[in-house]
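Here's the structure we're looking at; comments come further down.
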Amino acid sequence: MLKIFKPCDFHVHLREGSLSHFVLKENNKHFQKILVMPNLKKPLTNSNLLLNYRKKILKINKSSEVLFTIYLNKDCSLKDLEYMHKNKLFFSAKLYPLNATTNSTSGVSDIKKMSKFLTFLEENNIPLCIHGEHVHNNDDPYEREKKFLDKELSWITKRFKSLKITLEHITTKDSVSFINSHKNISATITTHHLLENTYSFLGNELKPELFCKPIIKGSVHQEALQKVALSGNPRFFFGSDSAPHLKTRKFAPSCCAGVYSTKYSISNILEFFWINKKSSNINKFLTQNGCKHYGLNYDKSTHSYKRLKNFKFQKYSKFKNDYLINYNCFDNIWLKI
Ligand code: DOR
Ligand code: ZN
């Protein structure tokens, strides 16, 4: 048995419409706080869009503290950002490089042109969450994260020394080193980047359900993520990047990027820490490190989980006429009791 604080997911995609109802319900079961991403079909780049989305999500939310993000791009207005900040409409700002992932066609092509917004964030102590990939035609997708560190992130950290940054869903040993050698920056790690590698993704048969951005890397990188997560290092914490796409869009001639992991992510993380004999660091990874980075208080009541062997996992969740594909890695499950 394990007793832990109710976890936080500091990176999740709730989407819109009936899908958001479905997904949020699952989130409410597992998480005390969720940080919700703004890459909707029409990204949340202004107060009208954000207010509308907030209203819908907060109406259906039952039990989690929902933290919203705003989608930064060159069309944002400083005045509008000020208004949203004054009225506490968003918690952090998200930066997507142009075409890096789902709904990022209105992302940022030149980070240097975003200086006035980054200054605003820095001056107002608003965290910046970054999808850290440098995307360029014909560049190797496996190199995108490392290139981002060299070309963009180094520039940002040098220039905005007091800006609080979260490098999202890191996948490489290079990112682990970068975080450890810079101030004011932490990183989220997803379940699937922690538990999978290029071999499990495509070494035998290709698994479209594991296709995501950044693409899953080789075992050398995976081991660096595992080591730092298990260690309880305060600069690294959980953000699932759980990203629901319909099965017909995943198992399709052109597969969209995203792993839907919410249903079993906590079970997977508990099993991973358990088999590595690091259960004493679970609260750090799942709750405390993220809250510390963001300066948030958290609910300290504890919840018990029991381990069931050879559990029959639900691979697909029915949604309308389609399915969502639940990510799971292990044979054993940890169930809340
Ligand atoms: O694989 C991904 N899917 N990575 C992201 O960064 C976004 C996400 C999505 O929204 O589908
Ligand atoms: Zn994401």
>> Restricting to the stretch 150-163, name every residue that is within 8 Å of E122 (Cβ to Cβ) and touching a Leu at 6+ places or on another chain (Cβ under 9 Å).
In response: F160, L163
> Regarding P208, is this residue surrounded by fewer than 15 Cβ atoms within 10 Å (Cβ to Cβ) and either within 15 Å of ligand 2 (Cβ to nearest atom) or of a type outside the set (A, V, I, L, M, F, W, C) (or both)?
Replying inline: no
>> Looking at T172, T191, can you tell me which residue is in contact with a Cys (Cβ under 9 Å, 6 or more places away or on another chain) and buried (at least 20 other Cβ atoms within 10 Å of the Cβ)?
In response: T191
>> Looking only at residues that are of a type in the set (S, T, N, Q) and within 25 Å of K173 (Cα to Cα) in the stretch 105-154, which one is surrounded by the most Cβ atoms within 10 Å (Cβ to Cβ)?
In response: S154
> Considering the stretch 295-333 alone, what residues qualify as being part of a strand (DSSP E or B) and hydroxyl-bearing (S, T, Y)?
Replying inline: T302, S304, Y305, Y316, S317, Y323
>> Looking at (1) polar (S, T, N, Q); (2) surrounded by 18 or more Cβ atoms within 10 Å (Cβ to Cβ); (3) closer than 13 Å to L128 by Cα, which one does S64 not meet, given that it meets all the others?
In response: (3)
>> Just checking, does the stretch 40-54 include any residue being within 16 Å of ligand 2 (Cβ to nearest atom), exposed (fewer than 15 other Cβ atoms within 10 Å of the Cβ) and either of a type in the set (D, E) or touching a residue at least 40 places away in the same chain (Cβ under 8 Å) (or both)?
In response: yes
> Within the group N39, N27, which residue is within 24 Å of P127 (Cβ to Cβ), touching a strand residue (DSSP E or B) at 6+ places or on another chain (Cβ under 8 Å), assigned to a loop (DSSP other than H, G, I, E, B) and within 16 Å of ligand 1 (Cβ to nearest atom)?
Replying inline: N39
>> Looking at the stretch 134-174 only, could you name the residues that are at positive phi and within 16 Å of ligand 2 (Cβ to nearest atom)?
In response: H169
> So which of H293, H245 ends up being within 16 Å of ligand 1 (Cβ to nearest atom) and of a type outside the set (G, A, S)?
Replying inline: H245
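Readers should treat all values here as calculations from the given coordinates under stated rules, not as data from a laboratory. Keep in mind the model is a prediction, meaning the values are calculated, not measured. Here Cβ is always computed from backbone atoms with ideal geometry, including for glycine, and neighbour counts include all displayed protein chains.
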